[in-house]
Amino acid sequence: MLEVAGIDAFHGETQALFGASISVGASEVVALLGPNGAGKTTTLRSILGLTRARAGRIRFAGEDITALPTHRISKKGISWVPDDRRVFPTLTVARNLQIARRRTAFRQWSVGEMFGIFSALEHLMPRECENLSGGEMQMVAISRALLASPGLVLFDEPSQGLAPKIVQDVLKTIRMLKAEGIASLVVEQNALAALEASDRVYVMKQGRIVHHGPAQDLLRDVVLRRRLIGI
Ligand SMILES: Nc1ncnc2c1ncn2[C@@H]1O[C@H](COP(=O)(O)OP(=O)(O)OP(=O)(O)O)[C@@H](O)[C@H]1O
């Protein structure tokens, strides 16, 4: 479904990614782990065309998307749940969700289905997003990503700043997406929770992929895990 092949990316003149390669299969959940500054967010931004890959190729659903503008990439069926949520603060939840809707080659979701996933969402609809808690805002951000009809969702630190119960809800949602045939690429500081929810894992250090394999291997092999991700 997604093939990132040997990409280099830069912030100004500083190189942040060095030949990074990642693949995500249809309905696969893939974790992208690594220390601060390893290049995880830059990888997600490169897939979305927000930070341009200067070398390498990115393919999604059989098409080369390396040079496409971000709005066309999202119309191909890639949604993003950014770490800072980026909902429109002065608009209501209902309006934020309404403007997120998009047709792609993938399944369309209704706002009613979002109420089924996040039971608290319905009564938040008339509220302005700037008045929401972190967990409520995350519900809006994930619902918005789904209403854009994705085949793949990029999650950047989805559990950041959230209460443990909400973190569990987020992970449950990622597993539900998998059951619906939607793939996820998940950048997460909460590495153990991410590994438990994932099929495969990539570990990055200093802009390079230094390990990839089944998530279960890192869960079972404490020595390898400590060496790679320090926990
Ligand atoms: N806008 C920017 N301008 C300049 N350098 C940047 C910018 N964003 C990131 N970098 C640098 O690029 C490198 C990779 O950063 P990136 O945010 O992708 O890492 P990360 O693995 O997502 O880490 P974190 O968990 O801290 O977000 C780091 O050295 C970082 O300082």
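The values are calculated or read from the model by the stated rules, or taken from the named source; none is laboratory data. Everything quoted here is computed from the prediction, not taken from an experiment. Because the Cβ atoms are built from the backbone with ideal geometry, glycine has one as well, and the counts that use them run over all protein chains shown.
The table that follows gives values for the structure above.
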quantity: Count of residues meeting criterion [more than 16 Å from the ligand (Cβ to nearest atom), under 18 Å from the mean Cα position of the chain (by Cα) and in contact (Cβ under 8 Å) with a residue 24 or more places away in the chain] in the stretch 67-96; calculated: 8
quantity: Verdict on Ile166 being crowded, with 23+ Cβ neighbours inside 10 Å and either more than 16 Å from the ligand (Cβ to nearest atom) or β-branched (Val, Ile, Thr) (or both); calculated: no
quantity: Pro69 vs. criteria modelled with pLDDT of 95 or more, over 29 Å from Leu218 (Cβ atoms) and surrounded by fewer than 17 Cβ atoms within 10 Å (Cβ to Cβ); calculated: yes
quantity: Tabulated pairs, the stretch 30-53, first farther than 19 Å from Gly151 by Cα, second part of a strand (DSSP E or B) and of a type outside the set (A, V, I, L, M, F, W, C), C-beta under 7 angstrom, 6+ apart or interchain; calculated: Gly34/Lys205; Pro35/Lys205; Ala38/Lys205; Thr41/Asp156; Ala53/Asp8
quantity: Which numbered condition Gln160 misses (of (1) within 16 Å of the ligand (Cβ to nearest atom); (2) over 19 Å from the mean Cα position of the chain (by Cα); (3) polar (S, T, N, Q)); calculated: (2)
quantity: Extreme residue, surrounded by the most Cβ atoms within 10 Å (Cβ to Cβ), among residues of the stretch 22-51 that are closer than 21 Å to Gly12 by Cα and of a type in the set (A, V, I, L, M, F, W, C); calculated: Ile47
quantity: Selection within the stretch 204-231 - among the charged types (D, E, K, R) and in a helix (DSSP H, G or I); calculated: Asp217, Arg220, Arg225, Arg226, Arg227
quantity: Verdict on Arg54 being more than 24 Å from Arg200 (Cα to Cα), out of contact with any Asp or Glu (no Cβ under 9 Å at 6 or more places or on another chain), charged (D, E, K, R) and loosely packed, with under 15 Cβ neighbours inside 10 Å; calculated: no
